[in-house]
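Before any comments, here is the structure.
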Amino acid sequence: METKIQKWGNSLAVRIPKAFVKEAQLAYGSPVDLSFDDGKIVINPNPEPPFSLDDLLKGVKKRNLHSETGTGKPVGREVW
């Protein structure tokens, strides 16, 4: 399928036809991996990681919890 490069702000963009979006199981905001391979621009779906913040926090235990780290005195208008 032929399409055109279009201007989008200061960047260039290509619209992905609905049939391609459906076939690749993409939606608005879907993360993708953009690469350049042998002179070709390649877009690969990059699904969200299969874990959530809650899943990650379940791994925090007393034995792997570190203490606070000092960052020095305020240098601006920080409020601590």
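The values are calculated or read from the model by the stated rules, or taken from the named source; none is laboratory data. A quick note: this is a predicted structure, and the numbers were derived from the prediction, not measured. Here the Cβ positions follow ideal geometry from the backbone for every residue, glycine too, while neighbour counts run over all protein chains shown. Calculation scope for accessible area: heavy atoms of the full protein, side chains included, ligands and nucleic acids excluded. Shrake-Rupley method; radii C 1.70, N 1.55, O 1.52, S 1.80 Å.
Cross-link partners for LYS40 among the aspartates and glutamates, with Cα-Cα distance under 15 Å and sequence neighbours closer than 8 places in the same chain left out: GLU2.
Computed from the C-beta positions of ASN46 and THR71, the FRET efficiency with R₀ = 35 Å rounds to 0.60.
How much area per residue is accessible in the chain when the probe is 1.4 Å and only protein heavy atoms are counted (Å²)? Could the numbers behind the result be given before it?
Numbers: 8570 Å² over 80 residues.
Heavy-atom SASA per residue in the chain reads 107 Å².
A straight chain from ALA27 to LYS61 at 0.36 nm per residue would run longer than the Cα-Cα distance by 8.6 nm. Note: relative contact order over segment 13-80, using C-alpha pairs below 8 Å and six or more positions apart, is 18 percent. Note on the chain: Cα-Cα pairs beyond 16 Å make up 74% of the total pair count. Under the combined filter of DSSP loop state and at most 12 neighbouring Cβ atoms within 10 Å, segment 5-73 retains these trypsin sites (Lys or Arg not before Pro): ARG15, LYS58, LYS61.
Under 17 Å Cα to Cα from LYS58, which lysines show up? Leave out anything in the same chain fewer than 8 places away. Counting by Cα, and skipping residues close in sequence, LYS58 has no lysines nearby. In summary, no lysines lie within cross-link reach of LYS61, defined as a Cα separation below 28 angstrom excluding same-chain residues under 8 places away.
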